[in-house]
Every structure is written in C-alpha cells, then in structure tokens.
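Trainee: Quick one: structure below, then a few questions.
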Amino acid sequence: MALTQVSSNKCFDGFQKVFEHDSTELKCKMRFGIYLPPKAESGKCPVLYWLSGLTCTEQNFITKAGSQQEAAEHGIIIVCPDTSPRGCNIEGEDESWDFGTGAGFYVNATEDQWKVNYRMYSYITEELPHLISSNFPADSERMSISGHSMGGHGALICALKNPGKYKSVSAFAPICNPMQCPWGQKAFNGYLGSDKSKWESYDATVLVSAYSGPQLDILIDQGRDDQFLAAGQLLPDNFIAACTEKKTPVVFRLQQGYDHSYYFVCSFISNHIKHHAKYLNA
Amino acid sequence: MSNEDVEAIPPSSSPAMLDETTKEYLFSTDEGTLSKASAEAQVPTAHLDIGPEGLSFYNMDLYESRERLDIFTEELSSSRTEDEQFTAMEDSNESRPRTEEEEYDLYTAEVSEMARQYGIWDDKEDMEMGFQTQEPFVMVTQKQEPAVLDIKTWGEEPVKGEPKERGAGEKRDSIHKTPAVDEGGSMEHHEPCYPSEGDEPQSHEQYVGQRQYSEEAFKEEEWEEEGSQAMKASRGDTQIGEFVGFSAKTQEDLTMDMDNPEDAFRASEHTHDLEEEQPGAQAGGEDEVPDVFCMECKIAIRAFDKVFGSHKDHQVTKLSIAAEDTKVEIHKTMCKLEEQIAQMENFASHLEEIFITVEENFGRQEQNLEQHYNEVIQTLTQRYEDKTSGLEDEKKQKLEKLYSQLVNCGKTLDISKDLIEAAQEICRNEDKLAFLQVAVPTVERIEEYTASDPDLKLSASLEFENDAIDFSDVRQMMDSINIVPAPSAPVINPQTPNSSTSTSVRVCWSLFSDDTVEYYELYYKPVLEGTTADENEEQDASMVKVKETYCTVLNLVPNTQYKFWVTALNTTGISPASERAVYMTVPSPPVIKKKLCRSCPNAALIRWESGNTNPVDSYTVELCEISRERSETAVTESIVGIPTYESVIQLLSGRSYLIYVRAVNIGGPSERSDPVIIYTTGTFFRLNEDTAHPSLAISEDGFTMFYGDEYTELNDITFSDNTFSRCVAIMGELIPIRGKHYWEVEVEEHTEYRIGVAYEDTQRNGYLGANNTSWCMRHVMTPSRHKYEFLHNGSTPDIRITMHPKRIGVSLDYETGKLAFFNTGLSQHIYTYKCHFLHYVHPCFALEKPGALTVHNGIEAPEYITFS
C-alpha cells in the first residue's frame, strides 16, 4: 500500500497532490488526486469522493472543476480516483471511449475477461477509503460522494448501496438509469453479462426504490443544453419519478443553457461542496 | 488622622469641656496629631494601628472604665508570675536558662521590632523628647517588665489608655507607665538610658535567630499572646473567667483594628488557638492537666475532681465543647459591643450636630436680645431727656408767670397804699370846703379803683402738666423683644432633576439665615399659554402652608408647567414674595404599541404613543435583560433623547429583554411604561393587515391567513392604495435592519402559494415574483406534478423537488444578498436567490387557491442555513 507522490502543488493554502499506488482490487497501478485543505494540517477532515465521468482520469476534476477554494473554506479533503484500471492489457480495453479504459462504470465486473481488474466499485467503496484514512488526516466516519456523468451514476449507486456510509450524495448530470440508456447497457452487458437482474444492483433508479437507510438529501444539477440529456443517456426524470414515488428528497436543478462539460461542473461545484459540507461538518 | 482629630476635638465651647478636663482633652488631642510636643510617644503607635477612623474617639469613651484599669494594674502586679511562666516556656523551647534582663531584652526587642514593622517611631525627635521626659517611668517599667508583654498583648492598649488619662486624672501615674513601657520597647535606640542595655542589640539578634522568628508582625503577636496566655493561665483557675473576658477583648481589639475581615478571621482563629493552648500552658504550672470543664464553677478541672473533688456534683463538659461555647458567647458579646459602638457613634455625631445647632441658635438669640434691649434703653434715655427738658420748660414758664403776678400784686398794693394815704391826707384837711373839693374826686377815684376786684387767682397751676408718663411704646418694645422682625423674601430654587412626578413636584426654597419664620405660604398656578400679564396672579393661585423649606405639591396635571412663589411669615409679619419659579411635572408614561414592535436577533423596533396631550421633549428607552439566573431586572442600557415615537435598539441575539419607555421633559423622566418583552432568538414580525387582499382573512393571533372558498365580488370591494388588489397577498412588517432574518411558513401539501419578499412599494396590482420588486417561491399543482417556481421578474429556474415541504424556511441575508428557501422538515436546501437588495424588503405571502398559510417567526435560524 505504498503511496508514491506524483505531484504536489500548493493551492488555497492547502495542497493539491497526486499519488500513485498499487491497487490490490484492480491489480494495477492507480493514481488519485487528493486535495488537502489547510485545516488538514491541524486535524482530521471529512472526505468527499469525486467520481469522474467517461474518458476522464484523476486530472480532469482537479484541473477543471475549481473545487479547491470551497474545499479549503469548509475544510474538506477531496479525493479524485481514476475512472478505470489502466494498462491491464485486456483485449478490447482501449477499443472504445465508453467501455474499458476510462469507462469502469464503478461496477465489480463479473465477466471472466474483466472480473480480475475491473472492480471499481470495491476500489471506490473499500480500498480507496482505507488507503486514504490510513495515509492522510481523514475522518473515516465522515465521507460523502459526488460525481459527474458516469461518476454521478457511480456516486448515486455507492450511496444507495451503502446506507449510512456516505453522509451525503450529489451529482452533476448523472447517468440516472443506466439499464435504460445505451452507455449503461453497453457497459453492463460487457462487465456483468446479459443477466439484467445483475444490472439492477448497479442502477440508481432501481436502487432508490429499494433503498432503506438514513434519509438521503440528494442534490442533482443538470444542464438543460446537455447533448447527452437530449440523447437519452442520462434519464433524470426516471430517477426523480422513482424518488418522488419513494419520497426520497431530491433537489433537481435543470440549469438553463448549460451543457455536459466541466464548465457546467465548475459553475455549480461550490453549491455541491456546500451541500456536502452541511452534512460533513454538521 | 485628620478625621480623627475632627472627631476628637469638639468645638471649643463644647459642653463637655469642663475646665478641669480641658487640659486632658487637649493632651490627648496632641497625641492624636502625632504629638510633636507630647510626652506620650507611644500614642502615634496606637493611632496608626487603629483601623476605622473616628472609632478611637468613641473607643475612648467606651473603654474608659475602671474595670479596664483594674485589669491593667492586676496584670502589672501579677507580672512576676507571668514572667516566670514565660521564662519556663522559653526554657522548654530552647533548654537554655535566661536571666530576667535577657527576657526583658527579648520583650523589648520584640516590641521595638513590632514598632518598626508597624512603621512607627520613625520620628526620632519625638521619641527622644518622649524618652527624656519619661525617663523616670522607664525605670519603673524596667522593674515591671512583663507589663510590656501585657501592653502588646492588649494590642491597642495605648489608645484605650488615653481616655483613662482623660477621665481619671488621679490615675495618671499608673497610666504614664503605659507610654513608658512602650518607650522601653524602643529602648535599644537609647542605650545609655537603659540600665541593662549592654547586650541588647545582640540579644535581639540572638533572639531572632534562636526562635527562627518570622518577621511577620502577626506571628509575633501570636507568640506574644501565647506567652500572655500562658501567664494568665498560670494565675490559677480563678483567673480563667477573667481570662475569657480578656481574650474577648483581645479578639475584639484585633477585629476592630483590622479592616480586612480575613485578618479578623485570623484573629479570631488566633484567639481560638490561644484557648486551646490554655490547658497546655496550665500544665506548666501544675502537674496534672485539667480535662473537663465545670459548668457551675466555670473553670477547667481535672476529671478526677469531678469524681472526688470539690466539683463532685457539678455538671461538667468537655473542654473543647466548653471552649467552643465560650467562644460563641464571646462572639455574641463582641457583636453586641460592636453594635453598641455603632449606635454610640451615630448618637454622638447626632449630638454633635445638635450641639452646634443649639449653640448657634442661642448665639443668635443673645444677639437679638442685646439688640432689642439696646433699643429699649435708647428709647428710655430719649424719653428721659425729653421728659426732663419738658419739666424744665414748664418750671421756667410757671415761675415766670408767678413772678409777673407777684410783681402785679406789688403794684396793686402800692396803688392801694397811695390811695389810703391820699384819703388820710384829705381827711386831715380841716377845711371843709377844701376838703370837700378835694374829697369828691378822690372818693371817685377810690371807688373806681375798688370797683375792680383784685385778681387773686394763681396765674400758674401748681399741678404738673403731663404728669402721666406714657410707657406704652416702651412696653411694646419690651414685649417685642422676643418677637423677631418680619422675614425677608425667601429665595425659591429652580427645579432640580428627579424632583417631580407626573402629578407632583417638590419645590424647595431657602431663607436668609437670620430670619425667623413660622411658616411659609407657597403659591402656585399652571402656566397657561397666552396669559402673560402678572396681574391678578395671586387671585386664582393655589396656596399651601408649610413649615419646611420644601414642599411636595400633589394633584398636579402631568407634563405641565407651574409657576411657584413663596412668602415667609412669622408673628411679626409677612415677607415679600419670592421670585416666580417655573416647575414642570413630568409626563405621563408612554404606551408601547406592542402590536407594532418587531425584532430580529440583533435589534428591536419599539413603537409607542406619547401618553400625553402636550408634546414632551424626548423619550428614553430602557432595556432589562431577563436572565434565567437572576430574577431581578436591572436596567442594563438606556437610550436617551429619542425625539420620535419609535426607536430601533441594538440587542444581543438569543436573549430576552424587557423594554420600557419613558417620556422626558425638563421636569425629568416619567414613570416607565408597561414593558414589552422582546426575544432575540429569531426575527419577529407581524402581518400588515392594511396590505391584505380583501379575500384574505387573518386569524385572531395575526399569523394565519385564509383564502376562503366563497366567491367575492371584487367589484364591491374598495381597494386602498396599500392593498394587494390582484394577487391574494399580504405583506409582513420586517424590522428595517440589514442583517439576517429567518422565518418559516406552514403549508399544506396541496396549497398553492407564493412565499417570498418584496420591496415595500412593490406593485399592489401585480403578482408576487412577476416583477423586479419581489422574489417568491411559488407552488402550483399541475395535472402531472407539484411544480415549484422561484420567481423574480417573471422568470424561474427549473427546479424539481421530490419531497413536498410542509414547512418552508425562508432565510434573508442582506449582507450576502441571499434569499434562501428550505424544506425545514428535511433540513433540505431548496433554492437560493442571489440579489442585491437596494431597499428593505418585507415578507410576502399569497394564496393562489383557497387554503391557508401560517407564519411562524421568532424562531432561531437553524445551523444548516449557512450552507446555502
């Protein structure tokens, strides 16, 4: 579990760092970005896990989202893992941008070809938190999760599958109902096989109906001019309907004029960090 | 010291100052003033140690008793025993025999040590002088050395000694020993005068070294007292009762001399120690230790005695209990004595005042008498002179008259004689014819002459004219000797602060000090606008007769000016009237308009009515913070000089306040109004029903609004300018403070509403949120779903919420320019407006369909609203 520091840059009195380590779950070298707020120098801080979207690495969020200022202010550590195992030499790994490398979909693969390395769900929910709490001044009792697009899907399922583990959850333009959208179907089919009952355990819309645990307060921002919204990849309405049905509190904000990019993310990231801070710092 | 002097030196004409004692008195006074010329060098010592100033004066009297003297002399006589005892103790401590001289040296050293510590005897001249004059006494003292011990033990003994000198002159000799003894204490500075001084400084050091002596004065005292205790005890059981008295004295002295109660406490503890020490000390004198206390004989005895001895049937108690009881008694006695001292002090100062007054009064009376008698004597002298000169005149006049009458008589006699002679002459004429010729005219002449009767009446009366002397005016003067002149016009004082209430004023005046006044007549009448003339003023004025130079005039009208003037009267007459002085009654208290008061966590807006018909000068707002710990509500802050009928008062958040208002005019502040209670836990406002749409009904408590089902014909309704005419809305009245505000609104799931804020002048004929002067969260039901809009200027972001709030929290923060909405049931942040509020905004509520909304305010803003 040795961590190798790849980079360290002072940022808003804290440090934005990148580390590399050998992942036991993923059987490969993995990198993650971590922002340590100034408060981390004097005590333990809560952790917000940020799950990025398709094609992203640990770099996208830390360079584009502009989350550090708000994180520094609220004393929150932000951990940004990569989106999939890399360099595993699996056949077809790099064939498409929406499957394989950069598209781990935060599931534990069950198909033979992928099941050794593509265990992003366990990596995110088990290995990484353990790694963080044992190497950084992180309060393992206080963690939240958020993400963008595929990462939004990841954040939702992690929260819904682990009641109480995350104090709060939010998402930017999440893939809300992957079973019903082309991206999700391709990925689930590839990683989990054709048995759709297996898919259900990684579908937020399905999971929310079965959720039982501490009340969640889900914040979702969605750009109205998001091309993938129009393409039916994200399907927030299905999720909202399920939540309304289940009386799960969701604030869903359809932001006029915004698209799917990190420009959209950085426009509202401070709202989301505040949302998490409300629960993490309560 | 100076105070003490004042206390100690009564006016020179003090009645207490009998010739005999005058000298004594002055003597002690000299001592009191550090006695430059006094022989008693010890006196300053005593005075320096005296705690409360002025107490000494009465101490002198109080402790001026034979008993004290007796005790004193007794101790002197028993000093030998004490000394032995003391020596024994010393020996037991140090196992080194010591001569009497050495002992004395020790004492002396100790005393001087103490003296130095008390910071006295720094005036060498005084000391020397004192020493020289007291030399003989030093010798005496030397032989009675334990007296030193005594004196120091007695603490402030010299002070007590003073009155003895004063009161009992015959005791002088023995008393002079006291200073002498203290002189002895300082003897080391004057070696030649002291027979056994040879090794004295050395012995002092030795003493210090051997005893590991603390430099602390208190300890020294303690040690000394132990010694004296021991010696007391050694005098035998019969002395114990007295000893108790003695220690009480000691304790009292200490207590009185120490301003610091802690010291007093220590002192009493100290006494306690002494008492406990007692049995042990006695053991030095006897072989067996008394272990019980005989209640009947009041002495400590051995238990053996209880069983077999003379105390056989006596009730006994444990020594410790007996000591405790005795201590309690002593303490009680002490308390009583202290009370007495206080009483006597009061009484004495009162007496002094009376003394001065009486003296002055008599002086004045004497003067008066003298003046009057002088007048009378002058008048009498004048009268005498007038009278004597009158008599002289009368005498002269009468004598002159009598004389002239006498002269006339002589003349008449002469004429008559002539006539007789002439007749005789004629008669002698023999010649008949000649005779007849001559006789006829002569006879005619005589007849003519005798025809007029001679005037034999006295021309002047023998009686005195005005022989009755009129003394009536003198008598009147005599009578009026006791009558003083009519007083001069009193001087009426201007109104002083806090001298009036809403219905009364206290008027004060003064008179010239020589005047004697039986009573005053105080006239007053209200000052009316427009009446300037002073004539007829007396006629409709009210009048009260008072004996004092002040009067509280009652039953006046609040907030009104009154003219006052006063005349002084005595038996002689009435003075001219004083100047007119205008006094003003204070206003009636204002009335707080509780329904119009509003608050937020850091301020409150208080509104009130004057409560007076006439205008007042200003208003004062008083705050009392109500705390849970303290029940009393002291005014913690006052805001004065408020010219208007409202005020915004800065407060601390999370507190409760009682707020009062007073109206103020030149007469002073009114009574305070009934309070309004302000809680600064949250923002508190009320709905302004003037703005309510006619279809909107407001509950009795003013916080719930209903939009009824019944259709109202809008044409029948008249709208005021302030009324919402289109949107069924109402506006609240938020306190105008650019801070943070929070309130909540209770809604039903299917209620269609608009909740938000608007500028006060937002269009009344528009919908909330449809313009740029209002911001509101709107909830409407569409066929498919609940729709939530966050309207401003007619547009809304697209926000969907999956849970329908039952209670909406609204947070307004002027500083950050944020208006945020929350689902309070979930602590869920729903939406935040970011806008710069140019003016103050007020909460607004509207119902789109029949239903109800309830406003909850005065509640603390939840923590989570900061994350919005």
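Trainee: Look at residue B:832 and say whether it is within 19 Å of residue B:865 (Cα to Cα) and within 13 Å of chain A (Cβ to nearest Cβ).
Mentor: yes
Trainee: Taking the stated definitions as given, is residue A:219 assigned to a strand (DSSP E or B), under 16 Å from the mean Cα position of the chain (by Cα), without any contact (Cβ under 8 Å) to a residue 60 or more places away in the chain and within 14 Å of another protein chain (Cβ to nearest Cβ)? Walk me through how you get there before you give the answer.
Mentor: Numbers: assigned to a strand (DSSP E or B): yes; under 16 Å from the mean Cα position of the chain (by Cα): yes; without any contact (Cβ under 8 Å) to a residue 60 or more places away in the chain: yes; within 14 Å of another protein chain (Cβ to nearest Cβ): yes.
Yes.
Trainee: When the range A:245-267 is examined, which residues are found to be among the charged types (D, E, K, R) and within 13 Å of another protein chain (Cβ to nearest Cβ)? Lay out the reasoning, then the answer.
Mentor: At the first step, the residues of the range A:245-267 found to be among the charged types (D, E, K, R) are A:245-247, A:253, A:259.
The answer is A:245, A:246, A:247, A:253.
Trainee: Considering the range A:222-244 alone, what residues qualify as being facing chain B (nearest Cβ under 10 Å) and open to solvent by less than 20 Å² (accessible area, probe 1.4 Å)? Before the answer, list the steps.
Mentor: Quick first cut of the range A:222-244, residues facing chain B (nearest Cβ under 10 Å) only: A:222, A:224, A:236-237, A:239-244.
The answer is A:222, A:236, A:239, A:240, A:242, A:243.
Trainee: Filter the range B:402-446 down to the residues that are open to solvent by 90 Å² or more (accessible area, probe 1.4 Å), closer than 30 Å to residue B:463 by Cα and not aromatic (Phe, Trp, Tyr) and list them by number.
Mentor: Within the range B:402-446, B:406, B:411, B:413 qualify.
Trainee: Suppose we filter the range B:764-776 for residues that are at pLDDT 90 or above and surrounded by fewer than 18 Cβ atoms within 10 Å (Cβ to Cβ); how many remain?
Mentor: Total meeting the criteria: 2.
Trainee: All but one of (1) touching a strand residue (DSSP E or B) at 6+ places or on another chain (Cβ under 6 Å); (2) more than 30 Å from residue B:656 (Cα to Cα); (3) open to solvent by less than 70 Å² (accessible area, probe 1.4 Å) hold for residue B:573; state the number of the condition that does not hold.
Mentor: In the conditions (1) touching a strand residue (DSSP E or B) at 6+ places or on another chain (Cβ under 6 Å); (2) more than 30 Å from residue B:656 (Cα to Cα); (3) open to solvent by less than 70 Å² (accessible area, probe 1.4 Å), residue B:573 misses (1) alone.
Trainee: Open to solvent by 20 Å² or more (accessible area, probe 1.4 Å), touching a Pro at 6+ places or on another chain (Cβ under 7 Å) and either over 27 Å from residue A:45 (Cβ atoms) or within 12 Å of chain B (Cβ to nearest Cβ) (or both), is that true of residue A:270?
Mentor: Details: open to solvent by 20 Å² or more (accessible area, probe 1.4 Å): yes; touching a Pro at 6+ places or on another chain (Cβ under 7 Å): no; either over 27 Å from residue A:45 (Cβ atoms) or within 12 Å of chain B (Cβ to nearest Cβ) (or both): yes.
The answer is no for residue A:270.
Trainee: Could you check the range B:812-829 and list, in sequence order, the residues that are open to solvent by 10 Å² or more (accessible area, probe 1.4 Å), part of a strand (DSSP E or B) and either modelled with pLDDT under 90 or more than 8 Å from every other protein chain (Cβ to nearest Cβ) (or both)?
Mentor: Once the filter is applied, which keeps residues that are open to solvent by 10 Å² or more (accessible area, probe 1.4 Å), part of a strand (DSSP E or B) and either modelled with pLDDT under 90 or more than 8 Å from every other protein chain (Cβ to nearest Cβ) (or both), the range B:812-829 yields B:813, B:818.
Trainee: Find all pairs meeting these conditions: Cβ atoms under 9 angstrom apart; at least six residues apart or on different chains; first residue within the range B:494-521 and in a loop (DSSP other than H, G, I, E, B) and open to solvent by less than 30 Å² (accessible area, probe 1.4 Å); second residue modelled with pLDDT of 85 or more and aromatic (Phe, Trp, Tyr).
Mentor: So the pair list comes out as B:499/B:583.
Trainee: Every residue in the range A:57-101 that is aliphatic (A, V, I, L, M) and either in a helix (DSSP H, G or I) or on the phi > 0 side of the Ramachandran plot (or both), please.
Mentor: Taking the range A:57-101 as the starting set, the residues that turn out to be aliphatic (A, V, I, L, M) are A:62, A:65, A:71-72, A:76-79, A:90.
Correct list: A:62, A:71, A:72.
Trainee: Considering the range B:783-837 alone, what residues qualify as being closer than 27 Å to residue A:225 by Cβ and in contact with an Asp or Glu (Cβ under 7 Å, 6 or more places away or on another chain)?
Mentor: Across the range B:783-837, the qualifying residues are B:796, B:828.
Trainee: Hey, can you tell me all the residues within the range B:835-863 that are within 14 Å of chain A (Cβ to nearest Cβ) and either open to solvent by less than 20 Å² (accessible area, probe 1.4 Å) or of a type in the set (Asp, Glu) (or both)?
Mentor: Within the range B:835-863, B:863 is the sole residue that qualifies.
Trainee: I'd like to check something: does the range A:184-198 contain any residue that is within 9 Å of another protein chain (Cβ to nearest Cβ), crowded, with 22+ Cβ neighbours inside 10 Å and not small (Gly, Ala, Ser)? Write out each step before concluding.
Mentor: Our first condition is that a residue be within 9 Å of another protein chain (Cβ to nearest Cβ); within the range A:184-198, this holds for none.
No, the conditions are met nowhere in the range A:184-198.
Trainee: In the set B:779, B:786, which member is free of Cβ contacts under 8 Å to residues at least 40 places away in the same chain, open to solvent by less than 40 Å² (accessible area, probe 1.4 Å), more than 60 Å from the chain's Cα centre (by Cα) and within 13 Å of chain A (Cβ to nearest Cβ)? Steps first, answer last, please.
Mentor: Details: B:779 fails: within 13 Å of chain A (Cβ to nearest Cβ).
Residue meeting the stated conditions: B:786.
Trainee: On to the next question. Hey, which of the strands (runs of 3 or more DSSP E) in the range B:557-618, taking only ones fully inside, have at least 1 residues that are over 30 Å from residue B:646 (Cα atoms) and out of contact with any Asp or Glu (no Cβ under 7 Å at 6 or more places or on another chain)?
Mentor: Working: elements: B:561-569, B:581-584, B:598-600, B:603-609.
Fully inside the range B:557-618 and qualifying: B:561-569, B:581-584.
Trainee: Has the range B:373-381 got at least one residue that is assigned to a helix (DSSP H, G or I), in contact (Cβ under 8 Å) with a residue 24 or more places away in the chain and open to solvent by 90 Å² or more (accessible area, probe 1.4 Å)? Step through it out loud before you land on a result.
Mentor: Just the residues of the range B:373-381 that are assigned to a helix (DSSP H, G or I), to begin with: B:373-381.
From what is left, the residues that are in contact (Cβ under 8 Å) with a residue 24 or more places away in the chain are B:373, B:375-376, B:379-380.
If we keep only those that are open to solvent by 90 Å² or more (accessible area, probe 1.4 Å) too, we end up with B:373.
Looking through the range B:373-381, at least one residue is assigned to a helix (DSSP H, G or I), in contact (Cβ under 8 Å) with a residue 24 or more places away in the chain and open to solvent by 90 Å² or more (accessible area, probe 1.4 Å).
The values are calculated or read from the model by the stated rules, or taken from the named source; none is laboratory data. As the structure is a prediction and not an experimental result, all values here were calculated from the model. Cβ atoms come from the backbone with ideal geometry, glycine included; neighbour counts cover every protein chain shown. For the accessible areas, the whole protein counts, side chains as well, though only heavy atoms, and no ligand, DNA or RNA atoms are used. Shrake-Rupley method; radii C 1.70, N 1.55, O 1.52, S 1.80 Å.
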